[in-house]
Structures are given as structure tokens and as C-alpha cells.
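Q: Mind looking over this structure? Questions follow.
The values are calculated or read from the model by the stated rules, or taken from the named source; none is laboratory data. Just so we're clear, the structure is a prediction, and the values are computed from it rather than from any experiment. All Cβ positions, even for glycine, are placed from backbone atoms using ideal geometry, and neighbour counts span all protein chains on display. Accessible surface is based on the protein model in full, side chains and every heavy atom, while ligands, DNA and RNA are left aside. Shrake-Rupley method; radii C 1.70, N 1.55, O 1.52, S 1.80 Å.
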Amino acid sequence: MFKKVLVANRGEIAVRIIYALREMGIESVAVYSDADENALHVQLADYSVKIGPPPPRESYLHYHRIIAAAEVSGAEAIHPGYGFLAENPEFARLVRDHGITFIGPSPEAIEDMGDKAKAKETMKKAGVPVVPGSDGPLSDLDEAMEVAERAGYPVLLKAVAGGGGRGMRVVREPAELEKQFQSAGAEAASAFGDGRLYLEKLILRPRHIEVQILADSYGNVVYLGERECSIQRRHQKLIEESPSPVVSPETRKHLGESAVRGASTIGYVSAGTVEFIMDQDGNFYFIEMNTRVQVEHPVTEMVTGIDIIKEQIRIAGGEKLRMKQEDIIMRGHAIEARINAEDPERDFTPSPGTIRTLHKPGGPGIRVDSHIYQEYRVPPHYDSLLAKLIAHGSDREEAIARMLRALEEFVIEGVPTTIPFHHVVISSEEFRRGDFDTGFLERFDYKARLKEM
């Protein structure tokens with residue numbers, strides 16, 4: 001096993017990884033920009049290395065500075081967390097070329113799954129259900145028209161190299177296709193340097209369901225149940241839970257086996273997440289694979305008792321999985337609320353500033369993953385995530401009750417946060433009934449409900 005690991009990230013995920021390393025008896029190396037000199041992950045790590053100015057491209061996204069930090073500190077491995085360089089095959093390849101272990105999948109697997117069209121084709125060959133649409137990147141508008149006619153409107157144009165909703169357009173009728181095809185291609189080229197698009201049938205009122213998997217280098221793959229991630233804003237998840245309130249044990253088994261089959265087909269090694277959409281009839285379709293640890297991994301940890309970060313590190317260290325599929329039992333229910341420094345009443349505008357008062361909730365079943373402290377200054381340069389509040393209960397009803405109690409106890413003053421928003425959503429009858437889909441927030445008048453608080 002490794003003696004020293006560099007954490008190529010910041011914020012709550014860097015803190016989360018450092019805690020895992022400390023419990024495993026592994027020394028940690030933090031990297032930080034000028035804006036993060038007093039950050040918690042820097043204070044907690046055994047060693048730290050400054051890697052540049054605040055802009056991510058000059059620090060957390062700078063390959064060579066991170067590699068140099070690993071070499072100068074004597075780190076044997078690099079954990080990328082999520083975001084930044086976590087799904088960058090060039091970085092993973094560079095790490096490997098420098099004789100350092102990348103705690104994640106191979107650059108080839110990252111590359112294959114990062115190309116959305118290729119990923120879909122691979123999963124289809126593996127027998128994983130996929131949404132009807134193009135078999136690969138569209139060559140031109142004429143092909144797009146032909147595929148759309150065959151799949152049936154409405155359809156969805158998506159960037160081959162996309163993510164976060166960029167290069168994505170809904171087309172409801174043939175007359176819209178040309179304009180949206182050009183618009184989506186231009187946005188994709190600007191955002192990713194790759195304007196290629198693919199097309200698939202738009203599933204109406206879908207739910208976003210994902211399956212956590214672990215795979216070692218000896219061919220063993222297991223799934224750790226599913227997560228419900230349908231509460232989203234502009235394709236960004238806000239609330240996640242496990243298990244999904246609408247997935248039956250039989251469907252869970254089919255989802256898990258499909259995810260395992262897909263991962264096995266590409267020889268995947270590490271923690272990963274296979275994402276699906278589910279229609280109103282319970283049919284599910286592959287949409288993408290995230291080749292990293294997910295923001296929402298704690299809800300799976302809470303219901304399975306498996307520390308995903310530690311398992312990821314062990315796998316990278318060459319160890320076999322310590323569990324078989326029959327060993328994995330889901331107990332109770334867990335919900336995660338992402339607490340962001342954003343103003344929900346102003347369309348979730350980011351709100352950097354100084355946290356003047358902080359009180360984190362506690363009590364039975366409550367977990368807070370965070371990097372903030374009183375007088376911490378939230379920088380404007382990075383993601384607005386302040387904390388992940390996780391509630392676990394014996395069933396969904398108890399998890400909801402504990403989450404609402406914790407949200408009432410959670411105090412952050414100095415910057416607007418999404419705490420009130422989460423309270424409004426999770427206390428709603430719709431959420432309690434599990435009656436929602438990925439378009440829920442577009443129909444849910446949370447601003448009016450916030451004013452009633």
C-alpha cells in the first residue's frame with residue numbers, strides 16, 4: 001500500500017480524502033492556490049505545496065505543477081477527487097508516465113467513457129439498454145433529420161464531449177432542428193473544443209438514476225445499489241438519495257447487473273458510476289459513465305457501510321475487492337443536500353464572501369462533509385459547494401425527518417446559502433411522496449414558498 005498520496009483537489013472532497021488517508025495510516029500531501037492558503041485541507045494534510053495563483057488553469061488544472069508537487073513531496077500516488085482533472089485522460093496518462101499511480105481508472109477507460117457517443121455504442125454492444133438515437137456522432141444536418149425522424153420527436157441534441165448541460169438542446173419538432181443543430185454545435189465547440197453532436201429520443205419526465213460500482217484489477221466488479229438524482233437545476237444535481245423511492249428490488253438488480261456488465265466490457269478498474277434515465281413505465285436507459293468518485297457518494301456509504309474512497313485507494317494499490325455481490329446489503333435510507341454559497345431567490349447566483357457565523361448540525365444519523373469554518377472566506381474562483389449534509393434513517397420517512405431537523409439546525413451567516421431552499425423542497429408533499437423527475441424544479445415554485453418561510 002502507498003505511504004504517501006497527493007490530493008489534487010480542494011474543498012470538501014480534499015478534506016474527505018485526507019480523512020480517509022489518515023485512517024489508513026497513509027501520509028497526505030495537499031496542493032493549494034494562493035486563494036486557498038488558509039483552507040482546511042491545507043491545515044489537515046501532513047504536507048502541502050503551493051501550486052499557483054487562484055485561477056484554476058494556473059493551479060488546480062495545471063498538469064505539470066501538480067506532477068512537480070508530487071515529485072518534490074515524494075508522493076507515490078495522486079487522488080484527483082471529482083471535478084478539475086478527475087476525468088482528464090491526458091492528466092491520468094501523464095501521471096502514469098511519471099511512474100506515479102493515478103487513483104482512478106486507466107486513461108483509456110476515461111477516454112472511452114468521456115466520448116459520449118462511443119460510450120453509448122460500447123454499452124449497447126454489452127447489452128445495456130440505451131436510448132434510441134444515433135449510433136455515433138452525427139455527420140451533418142441531413143443525418144440528424146433522418147435519425148430524429150426514426151427515433152421520433154421530441155429529441156435531444158447532445159455534445160459528444162459534453163457535460164453540465166452545455167451543447168445540449170431539446171428539439172420538439174422538425175422545423176426547430178436546423179437552428180438547434182447549429183446552436184448546439186457552436187456551443188459545444190466553444191466549451192469543449194469539439195463541436196460534434198449526437199442525437200437521442202427525449203424521454204419525457206425522466207428520473208435520473210445512477211449505480212455505484214467498484215471494480216478491481218482482477219476482474220471483480222460489484223454494484224452498491226442505486227442513487228436517485230432527479231432533483232436538478234440546469235442539469236446540476238442538488239438533492240440525492242439512496243435507494244430511489246421508485247426502484248423495486250427487481251429493477252435494482254437489473255440496473256446493477258447492467259452497470260456491472262458495462263464496466264466489465266471495458267475492463268474498468270476503480271470506483272465509478274453508471275448513469276441511467278428511467279421513464280414513467282420503469283424502463284431504464286444508459287446515458288453516461290462517470291469515471292471518478294461522485295459528489296453524492298456519501299449516501300451510498302451510509303446505506304451500505306462501505307467507504308468508497310478507501311476502497312478506491314485499495315484498488316489503486318493493487319488489492320482485490322474485499323466483498324462479493326452477496327455481501328452488499330442496503331440498510332435504511334440516506335438523503336444528501338448540497339449546501340452551496342448561492343442565493344436561491346436570485347436564480348442561484350454564486351455568493352462568495354466571509355462566513356461570520358457557523359453552526360453545523362449533529363445528532364443521530366447526521367453527517368456533514370465540509371471544508372468551511374467560522375471566518376472562512378468563500379473564494380469567487382471555484383465551485384460554490386460549502387457542505388454536503390447527509391441524513392440516514394431506518395426508512396425514507398425517518399431520513400426526511402432527520403434531514404429537516406438538521407437543516408433547521410444548520411446556521412451559516414455572512415453569505416446566502418441554499419439551506420432554506422432545501423428545507424422548502426424536502427418538506428414539500430411532492431418530495432415526501434417521491435413524486436418528481438428531472439424537470440421538477442421548473443414546475444415547483446420554490447421562490448414563492450421561500451417567501452412564506
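Q: Could you list, ordered by first residue, the pairs with Cβ atoms under 8 Å in which the first is in segment 218-230 and within 30 Å of GLU442 (Cα to Cα) and the second is open to solvent by 10 Å² or more (accessible area, probe 1.4 Å) and among the aliphatic types (A, V, I, L, M), at least 6 apart or interchain?
A: Hits for this filter: GLY225/ILE328; GLY225/MET330; GLU226/VAL247; GLU228/VAL246; GLU228/VAL247.
Q: Here's something else I'd like to know. Name the residues in segment 14-49 that are open to solvent by less than 10 Å² (accessible area, probe 1.4 Å) and closer than 20 Å to PRO298 by Cα, would you?
A: ALA14, VAL15, ILE17, ILE18, ALA20, LEU21, HIS41
Q: Moving on. Given the conditions (1) on the phi > 0 side of the Ramachandran plot; (2) without any contact (Cβ under 8 Å) to a residue 24 or more places away in the chain; (3) not charged (D, E, K, R), report the number of the one that GLY127 does not fulfil.
A: Exception for GLY127: condition (2).
Q: So how many residues does segment 194-218 have that are over 19 Å from TYR268 (Cβ atoms) and not hydrophobic (A, V, I, L, M, F, W, C)?
A: The total comes to 10.
Q: Taking segment 316-348 only, how many residues are in contact with a strand residue (DSSP E or B) (Cβ under 6 Å, 6 or more places away or on another chain) and open to solvent by 50 Å² or more (accessible area, probe 1.4 Å)?
A: Of the residues in that region, 2 qualify.
Q: Right, next: Kindly indicate which of PRO132, PRO80, PRO89 is open to solvent by less than 10 Å² (accessible area, probe 1.4 Å) and within 26 Å of ALA188 (Cα to Cα).
A: Selected residue: PRO80, the only one of PRO132, PRO80, PRO89 that is open to solvent by less than 10 Å² (accessible area, probe 1.4 Å) and within 26 Å of ALA188 (Cα to Cα).
Q: Sticking with this one: Applying the selection to segment 376-406, what residues are within 26 Å of ALA39 (Cβ to Cβ) and hydroxyl-bearing (Ser, Thr, Tyr)?
A: TYR376, TYR382, SER384
Q: In segment 349-364, what residues are surrounded by 16 or more Cβ atoms within 10 Å (Cβ to Cβ) and under 30 Å from GLU311 (Cβ atoms)?
A: LYS360, PRO361
Q: Considering every residue within segment 67-75, establish whether at least one is closer than 18 Å to GLN294 by Cβ and not in a strand (DSSP E or B).
A: no
Q: Would you be able to say whether some residue in segment 371-385 is surrounded by fewer than 18 Cβ atoms within 10 Å (Cβ to Cβ) and either part of a strand (DSSP E or B) or in contact with a Cys (Cβ under 7 Å, 6 or more places away or on another chain) (or both)?
A: yes
Q: What are the residues in segment 92-112 that are touching a residue at least 24 places away in the same chain (Cβ under 8 Å), outside any loop (DSSP other than H, G, I, E, B) and open to solvent by less than 10 Å² (accessible area, probe 1.4 Å), if any?
A: VAL95, ALA109, ILE110
Q: May I ask you to verify whether LEU450 is touching a residue at least 24 places away in the same chain (Cβ under 8 Å) and of a type outside the set (S, T, N, Q)?
A: Spelling it out, LEU450 is indeed touching a residue at least 24 places away in the same chain (Cβ under 8 Å) and of a type outside the set (S, T, N, Q).
Q: Would you check which residues across segment 260-294 are part of a helix (DSSP H, G or I) and either without any contact (Cβ under 8 Å) to a residue 60 or more places away in the chain or open to solvent by 10 Å² or more (accessible area, probe 1.4 Å) (or both) and list them?
A: Correct list: VAL260, ARG261, ALA263, SER264, THR265.
Q: Could you list, in sequence order, the residues of segment 171-227 that are over 22 Å from the mean Cα position of the chain (by Cα) and within 30 Å of GLN325 (Cβ to Cβ)?
A: SER217, TYR218, GLY219, ASN220
Q: Suppose we filter PRO206, PRO243, PRO174 for residues that are in contact (Cβ under 8 Å) with a residue 60 or more places away in the chain, touching a helix residue (DSSP H, G or I) at 6+ places or on another chain (Cβ under 9 Å) and open to solvent by 10 Å² or more (accessible area, probe 1.4 Å); which single one remains?
A: Only one candidate passes the filter, namely PRO243.
Q: I've got another one for you. Scan segment 160-174 and tell me whether some residue there is in a helix (DSSP H, G or I) and of a type outside the set (Phe, Trp, Tyr).
A: Yes, segment 160-174 has at least one match.
Q: Which is β-branched (Val, Ile, Thr) and either within 30 Å of LYS451 (Cβ to Cβ) or touching a Gly at 6+ places or on another chain (Cβ under 9 Å) (or both), of VAL260, VAL274?
A: Step by step, each of VAL260, VAL274 is checked, and only VAL274 is β-branched (Val, Ile, Thr) and either within 30 Å of LYS451 (Cβ to Cβ) or touching a Gly at 6+ places or on another chain (Cβ under 9 Å) (or both).
Q: With the requirement that a residue be of a type in the set (Asp, Glu), under 23 Å from the mean Cα position of the chain (by Cα) and open to solvent by less than 80 Å² (accessible area, probe 1.4 Å), what does segment 426-453 give you?
A: ASP435, ASP437
Q: Which one of these is of a type in the set (D, E, K, R), touching a Pro at 6+ places or on another chain (Cβ under 9 Å) and surrounded by 20 or more Cβ atoms within 10 Å (Cβ to Cβ): ARG396, ARG402, ARG367?
A: ARG402
Q: Here is a list: GLU275, GLU240. Which entry is in contact with a Lys or Arg (Cβ under 7 Å, 6 or more places away or on another chain) and not aliphatic (A, V, I, L, M)?
A: It is GLU240.
Q: In segment 60-75, how many residues are surrounded by 20 or more Cβ atoms within 10 Å (Cβ to Cβ) and among the charged types (D, E, K, R)?
A: 0
Q: Next question, about the same structure. Could you check segment 34-43 and list, in sequence order, the residues that are touching a residue at least 12 places away in the same chain (Cβ under 8 Å) and either under 23 Å from the mean Cα position of the chain (by Cα) or assigned to a helix (DSSP H, G or I) (or both)?
A: Residues satisfying the conditions are ASP34, ALA35, ASP36, ALA39, LEU40, HIS41, VAL42.
Q: Report, by residue number, each residue of segment 179-193 that is open to solvent by less than 30 Å² (accessible area, probe 1.4 Å) and over 23 Å from GLU442 (Cα atoms).
A: Across segment 179-193, the qualifying residues are GLY185, ALA188.
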